[in-house]
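Engineer: Before anything else, here's the structure in question.
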2 protein chains.
Amino acid sequence: SVTAAEPEFAKDIADKAAWVRDHAADDNKSMAIVESLTTEVGPRMAGTEADARAVIWAQNKFKALGFDKVWLEPVTFPTWKRGVEVAEIVSPFPQPLVITALGNSIPTSEQGLSAEIVQFASLDDLKAAKPEQVNGKIVFINRKMTAHRDGRDYGPTVSARGDGPVEAAKLGAVGLLIRSVGTHNHRMPHTGNSRYKEGVTKIPAAALSAPDADLLVNMLARGNPVTVKMTLGSQPGPMYTSHNVIGEITGSELPNEYVLIGGHLDSWDLGTGAVDDGAGCAVTMAAAEFLARHKLPLKRSIRVVLFANEEQGLWGGNQYRDRHAKSVKNIIAAAEADFGQGPVYMLSSRVKPEALPLVKQMQQIMAPLGIEAGDNNASNGPDLIAMRNEGMALFSLHLDGTDYFDLHHTADDTFDKIEAKRLNQTAAAYATFTFLAANAPMSFGSGESYLVEKAKAERNK
Amino acid sequence: SVTAAEPEFAKDIADKAAWVRDHAADDNKSMAIVESLTTEVGPRMAGTEADARAVIWAQNKFKALGFDKVWLEPVTFPTWKRGVEVAEIVSPFPQPLVITALGNSIPTSEQGLSAEIVQFASLDDLKAAKPEQVNGKIVFINRKMTAHRDGRDYGPTVSARGDGPVEAAKLGAVGLLIRSVGTHNHRMPHTGNSRYKEGVTKIPAAALSAPDADLLVNMLARGNPVTVKMTLGSQPGPMYTSHNVIGEITGSELPNEYVLIGGHLDSWDLGTGAVDDGAGCAVTMAAAEFLARHKLPLKRSIRVVLFANEEQGLWGGNQYRDRHAKSVKNIIAAAEADFGQGPVYMLSSRVKPEALPLVKQMQQIMAPLGIEAGDNNASNGPDLIAMRNEGMALFSLHLDGTDYFDLHHTADDTFDKIEAKRLNQTAAAYATFTFLAANAPMSFGSGESYLVEKAKAERNK
Ligand SMILES: [Zn+2]
Ligand SMILES: [Zn+2]
Ligand SMILES: [Zn+2]
Ligand SMILES: [Zn+2]
C-alpha cells in the first residue's frame, strides 16, 4: 500500500525519543549554562573585549560538557561602540529623557543636536510626509508594539528602527527618535540595529523608553513646538574578528552528517543577554549534552553552533554559509533558538514533501510537551537565513514570545528573568527534536531541488 | 440617654457627604493635575531649578482651580546634587553594574573607589559583624523587600538605606552598596535619603538594582573575592529656600479653622514624581476643588499644603510646624496622601476619645468606596509628623501600596503608571473626608491634652 512506503522512525528510536522528551525537562543544565554565561561573561557585544571572553567561555563550556570536538571558525565584521547617550526636552518644559542609541548610529556633535520634534505614528506615516514637515527636525516615530505569542508585531514595529534613519534623512530630518520596540511600560529603552544607505545622509538615531515617548506625546498634544536636545557618542570602530564557536557530538554511522542547532553568542550591551540569546545557547548546548550523557544512539553528529555577531547584521550566520554552503547536504536539519526562554508551543518544518510523514511523527512524539503541529513553511532562526537560502532543511521550535519584548535588547535582559520550568521545557523539546533528526531514516531534503527552488522563489517574491 | 449625648454630623451634612462620595470619583480632575505636573515640570528635586518651577506651577494651578487664597511659606534646607554614578565588577568577571547614589551621599574620588565586596543579608547582620570582616571593603546589604498593601516591609528594609552608611563606616567599610529598597525585579535602582553621623567617617553610598544585586550574589557564591569599582559624583550644595505652596478655600463660619490636606511637591530626580508624590498633591487639590466647584457648604476652611522637600528630611513639614505649632488648635484635622495612587482601603484616626462617634460615622459614610474602619492610632503622613508631635488631630486614608515600591524613587515613577480608576477613588475618599471634617460639629482634639500627651508618650517610648 501507499502507507507502507512512507518513511518512519524505527520503533526503538521513537521509544527512546519519548524517554528523552519525558526526562530532559527535569534537567536544570540549561539554567546552569545561562547562569554561567550571564555571571561569568555578562554583556558581550560583538567586537568588544567581552566578545573575546565569551568565545573562551563557550569553548571551555563545550569541553566541560563533554562535547567530542570543539572548534572556532573566524567571523570578521565592522564594529560599533556605544558612547554617551543623553537627551532632554529643552522647551517648552525642560526635563530629561531616557534614550539609548540605536546600533550603528553615528554620533551627534559633542555639543549635542537640538531641534524641534515632529511626530509620526509609524514609518509609513513618515514615508508619506512632505519634506517641509520634516526638514531640519528630529523625527519621532511613536509606533506602539503589542505583545503576541508569535511576536508578529515585531516586524511592523522594528521597521522604524531599521529603516527610520534613512527615511527620515531622505526628508531632511537631522535626527531620529523612535519609541522603543518593546511591549512593556518601564523606563528602559531598547537598543537594536539600524541601517544607513549609500547616498543618504547619515543622521543620529536613538530609542526613547515607552514612558518618555508618552511624555513627548503629552507635551506635543499641547500644540506648541517641542525642542529636544540629544547627544550621542556612539561611533563605528575598526574591523574585528570573532568566532562562531562550535561543539560537536560525533555520530556513529554518518559522522559527517549533522543536526545543526544553536543560538547566537553575542548580545547587546545593556543587559547580560539572558533571554537574547543566552537562553538559545543554553538550551541547545544542554540538549546535546543530555543526549551524550545518557549515551543515546546517534546515527549522525550533533553540531551546536554559537554564532558570532547576530545582532549587528547576521555576520556569524552569513560567514557560516560562506564556509559551509557547499556541504549543505550534510546538514540533516537545522533549528536555531533565538526568541527567548520558551516554552516551545509548536513544531513546524521546512522539508521536502516526501519527508513530511517523519515530521508528523516528530510532532506526535513531541505533543505531550504541549507542542502543536505547525506547517511546512518554517523560516525561524536569523542565523539560519543564509543557509536556508542554500536549500537547508530546517525546523522551527516556536518559542512563546509573549513577554520576550519586555526584555529584549534592554538592561532588563538579565538572568533573574529566566524561569526554570520554561527553559527546561525548551531544552527538552530541543533534545527530543535533535535526537529524532539525528536518527532520521532519510534526508529531509537539504540541498535538494525542492528546498533550493523554494528558497529561490521566496527570495524573488 | 448616653447615646443622645454622642456627637454626630447633621443629617444634611451626612447626606451631602454621601453625594460627594458618589460623585467625586467620576471626576478626572486629579488625573489632569498629575499629568500637568509630570509633563510641565517633571522631576523636581528639592533645591534644583525645577523645584522653583514646581512652586510656580503649584501657585498657578491653585489659582486656575479657583482656590480663594494662594500663598507661599519659605522652607530653607541644604541641597544635594547627583552626579556621575557608575559601577562595575572589576574581578573576577568584569561587567557593568547599574547603581544610583543614595541621597546625601558624598562623592568617591574622581578615579572611583575599588574594593572587595562583603555581603550581608540585612543591616542587623552588618551590625553584628566584626571590624576585620568589613575593614577596607565595600559593604553590600542584600535585604529583599516584599510587597504588602500596607507597605509594612519598607521600614525593616529601608533602615539599610538610612543607617547603612554609618553602620558600615563604624566597622571600617570604605563604601556601601545596598539592594534597592523596592519590590520589583527590573534593572532600575531606587534612590532615597541616607544619613551620616557626626564623628563617623562619611562613606559613599549607592543602591544596586535588584538584578545587579542578584548578579553579585551569584558571583559571590563561587567563593572567590569580588572586587567592585564605584564612582559617584554626588555632592552637597549650598542652602536653598523653596516654599510650601498653600491653597485655601475659605470656610463660611469658622474661616480660621481648617482641614489640612496635601502631599509633598518635591520628588526625586530619576522619575517624574507621578506616584511619589504627584498623586498625593493631585488628589488633595482635586478633592478641595470638587467641593468648591459644587458649592458644598464648608463651615471651616480647607487648606491644601504642598510641602517642600519631604524627600531629603521632612523640611517642609518641620518648617510648617515652626510656623504654625502655636495655632495647632485651628487645624480641625489633617491627612496627607503620600503612598501612591491608592485606592484608599481604610480610614483610621488620631482623635480625642469623645470624637470617636464622629469617626465611626465618617467610616460608615465612606464604606461604600470599599474603605474599612481602622483604629485610633493613625500616624500617616511624613510631613504631618512634626505637627502630630504638637498634638494635631489627624486621619489616615490608607492607600493600597502593593505596587508602590515597584515605582517609588525610580526612573519608572512616571505618569503612564497612574490608573484613573484608582486615583479617582482616592480623590473621592479625600473629598468625602475633607467635607465631613470641615463640617464636624466639634473639635477632634487638636492641641488638647489627650493628643498632646499621646504624642509625648510615643516620643518617649
Ligand atoms: Zn537574538
Ligand atoms: Zn537580539
Ligand atoms: Zn513621598
Ligand atoms: Zn519618596
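The numbers here are math on the coordinates, done by the rules we state, and not lab data. Since the structure is predicted, the reported quantities are computational estimates derived from the model, not experimental observations. Note that we place each Cβ from the backbone using ideal geometry, even for glycine, and neighbour counts take in every protein chain shown.
Engineer: How much FRET efficiency would the formula 1/(1 + (r/R0)^6) give for B:Arg222 and A:Thr201, where r is the Cβ-Cβ distance and R0 is 41 Å, rounded to 0.05?
Structural biologist: On the way: r = 50 Å, r/R0 = 1.21.
Efficiency, from the Cβ-Cβ distance: 0.25.
Engineer: Can you divide the C-alpha Rg of the stretch B:359-455 by 2.2 N^0.38 Å and report the result to two decimal places?
Structural biologist: Working it through for the stretch B:359-455, the quotient is 1.25.
Engineer: Treat each spin label as a single point 7 Å out from the Cα along the C-beta direction, and report the A:Lys11 to B:Thr241 distance in nm.
Structural biologist: My value for the distance between the label points is 9.6 nm.
Engineer: Continuing with this model, one more query. Would you compute, from DSSP H runs of 4+ residues alone, the mean residue ellipticity of chain B at 222 nm, taking -39500 (n - 2.57) per run and dividing by the full residue count, rounded to the nearest 500?
Structural biologist: Theoretical 222 nm ellipticity from helices: -10000 deg cm²/dmol.
Engineer: Work out the charge dipole of the stretch B:83-233 with +1 on the Cβ of Lys and Arg and -1 on the Cβ of Asp and Glu about the Cα centre, then indicate which of B:Leu177, B:Ile141, B:Ile89 is farthest towards its positive end.
Structural biologist: The residue sitting farthest along the positive end of the dipole is B:Ile141.
Engineer: Assume the label is 7 Å from Cα along Cα to beta carbon: what separations in nm does A:Ser122 have to the matching positions in the other copies?
Structural biologist: A:Ser122 label point versus its equivalents elsewhere: 5.5 nm.
Engineer: From the Cα trace of the stretch A:83-233, what convex hull volume per residue do you get, rounded to a whole Å³?
Structural biologist: 102
Engineer: Please give the average number of partner chain Cβ atoms lying within 10 Å of the Cβ of each residue in B:211-219, rounded to a whole number.
Structural biologist: Per residue, the average neighbour count from other chains is 5.
Engineer: Can you find, among A:Ala420, B:Pro165, A:His408, the residue farthest towards the positive end of the dipole of the protein assembly as shown? Put +1 on the C-beta of Lys and Arg, -1 on that of Asp and Glu.
Structural biologist: B:Pro165
Engineer: For the protein assembly as shown, with the dipole built from +1 on Lys and Arg beta-carbon atoms and -1 on Asp and Glu ones, taken about the Cα centre, which of A:Ala279, A:Val118, A:Leu296 lies farthest toward the positive end?
Structural biologist: A:Val118
Engineer: Straight-line reach from B:Lys329: which aspartates and glutamates have a Cα under 18 Å away, not including same-chain ones fewer than 8 places off?
Structural biologist: Result set, ordered by chain and number: B:Glu248, B:Glu253, B:Glu257, B:Glu354, B:Asp383, B:Glu390, B:Glu448, B:Glu453.
Engineer: Nearest beta-carbon of B to the rotation axis carrying it onto A: which residue, how many whole Å?
Structural biologist: B:His186, 3
Engineer: Using a 10 Å cut-off around each Cβ of peptide B:31-43, what is the average number of partner chain Cβ atoms that fall inside? Intermediate results must be reported in sequence, preceding the final value.
Structural biologist: Numbers: counts 0, 0, 0, 0, 3, 3, 0, 6, 12, 6, 3, 9, 2.
Per residue, the average neighbour count from other chains is 3.
Engineer: When the Kirkwood radius is taken over all Cα pairs of the protein assembly as shown, what Stokes-Einstein diffusion coefficient follows at 25 °C and 0.890 mPa s, in µm²/s?
Structural biologist: So the translational diffusion coefficient is about 81 µm²/s.
Engineer: DSSP beta bridges in chain A, what fraction antiparallel, as a percent rounded to 5?
Structural biologist: Roughly 55 percent of the beta bridges in chain A run antiparallel, per DSSP.
Engineer: In debye to the nearest 20, how big a dipole does chain A give about its Cα centre with +1 on each Lys and Arg Cβ and -1 on each Asp and Glu Cβ?
Structural biologist: Charge dipole, chain A, about its Cα centre: 680 debye, nearest 20.
Engineer: Now for a separate question. Could I have the simple spin-label model distance between A:Asp68 and B:His23, label points 7 Å from Cα toward Cβ, reported in nm to one decimal?
Structural biologist: Taking the simple label geometry, A:Asp68 and B:His23 are separated by 8.4 nm.
Engineer: Please give the FRET efficiency for A:Gln364 paired with B:Asp150, using the beta carbon to beta carbon distance and R0 = 35 Å, rounded to the nearest 0.05. Let's see the in-between values first.
Structural biologist: Details: r = 53 Å, r/R0 = 1.51.
After rounding, the FRET efficiency stands at 0.10.
Engineer: Next question, about the same structure. For A:Lys69, place a label point 7 Å out from Cα along the Cα→Cβ vector, do the same in each other copy, and report the separations in nm, one decimal, smallest first.
Structural biologist: Label point to label point, same position, other copies: 8.9 nm.
Engineer: Next question, about the same structure. Could you tell me how many degrees, from 0 to 90 and to the nearest 10, lie between the Cα long axis of helix A:420-438 and the main elongation axis, the longest principal axis, of the Cα atoms of chain A?
Structural biologist: 50
Engineer: A further question follows. Cα axis of helix A:315-324 to longest principal axis of chain A: angle in degrees, 0 to 90, nearest 10?
Structural biologist: Approximately 40 degrees, to the nearest 10.
Engineer: Cut-off is 10 Å between beta-carbons; in what order do A:Asp277, B:Asp124, B:Asp375, B:Asp338 appear when sorted fewest neighbours first?
Structural biologist: By the 10 Å Cβ count, ascending: B:Asp375, B:Asp124, B:Asp338, A:Asp277.
Engineer: Counting only other chains, and only Cβ atoms inside 10 Å, what mean value do you get across the residues of B:270-277?
Structural biologist: 2
Engineer: Would you mind listing the distances between the B:Lys326 label point and the same position in each other copy? Use 7 Å along Cα-to-C-beta, nm, one decimal, shortest first.
Structural biologist: B:Lys326 label point versus its equivalents elsewhere: 9.9 nm.
Engineer: Using DSSP, restrict attention to beta bridges with both residues in the stretch A:83-233 and report what percent are antiparallel, rounded to the nearest 5. Kindly include the intermediate steps, with their values, before the conclusion.
Structural biologist: Details: 16 of 29 bridges.
If I count the DSSP bridges inside the stretch A:83-233, around 55 percent turn out antiparallel.
Engineer: Of the listed pairs B:Lys326/B:Lys352; A:Lys29/A:Lys299; B:Lys144/B:Lys454, which have alpha-carbon separations greater than 30 Å here?
Structural biologist: With Cα atoms farther than 30 Å apart: B:Lys144/B:Lys454.
Engineer: Quick check on the exposure proxy: order B:Arg422, B:Arg388 from fewest to most C-beta atoms within 10 angstrom.
Structural biologist: By the 10 Å Cβ count, ascending: B:Arg422, B:Arg388.
Engineer: On to the next question. To the nearest whole percent, what portion of all C-alpha pairs in chain A is separated by more than 29 angstrom?
Structural biologist: For chain A, the share of Cα pairs beyond 29 Å comes to 48 percent.
Engineer: Give the percent of DSSP beta bridges with both residues in the protein assembly as shown that are antiparallel, rounded to the nearest 5.
Structural biologist: For the protein assembly as shown, the DSSP antiparallel bridge percentage is about 55.
Engineer: How high is the relative contact order of chain B, in percent, with contacts defined as C-alpha pairs under 8 Å that are six or more residues apart? Each step should come with its number before you reach the end.
Structural biologist: Numbers: 1147 pairs, mean separation 105.2, N = 461.
In percent, rounded to a whole number, it is 23.
Engineer: Something else: Just to confirm the number: angle between the C-alpha axis of helix A:154-170 and the first principal axis of chain A, 0 to 90 degrees, nearest 10?
Structural biologist: Roughly 40 degrees between the two axes.
Engineer: Under 13 Å from the 7 Å Cα→Cβ point of B:Glu419, by amide nitrogen: which residues of the stretch B:26-57?
Structural biologist: none
Engineer: Also: Under a point spin-label approximation (7 Å from Cα along Cα-to-Cβ), what is the A:Ser327-A:Ala128 distance to one decimal in nm?
Structural biologist: Rounded to a tenth, the inter-label distance reads 5.2 nm.
Engineer: Using every pair of alpha-carbon atoms in the stretch B:1-123, split the distances into 10 Å bins beginning at 0 and state the percent of pairs per bin, rounded to integers.
Structural biologist: Going from the shortest bin to the longest, the percentages are 9, 20, 20, 18, 17, 10, 5, 1.
Engineer: By counting other Cβ atoms within 10 Å of each Cβ, how are B:Thr402, B:Thr108, B:Thr432 ranked from fewest to most? Walk me through the numbers on the way to the answer.
Structural biologist: Details: B:Thr402 14, B:Thr108 25, B:Thr432 32.
Going from sparsest to densest Cβ surroundings: B:Thr402, B:Thr108, B:Thr432.
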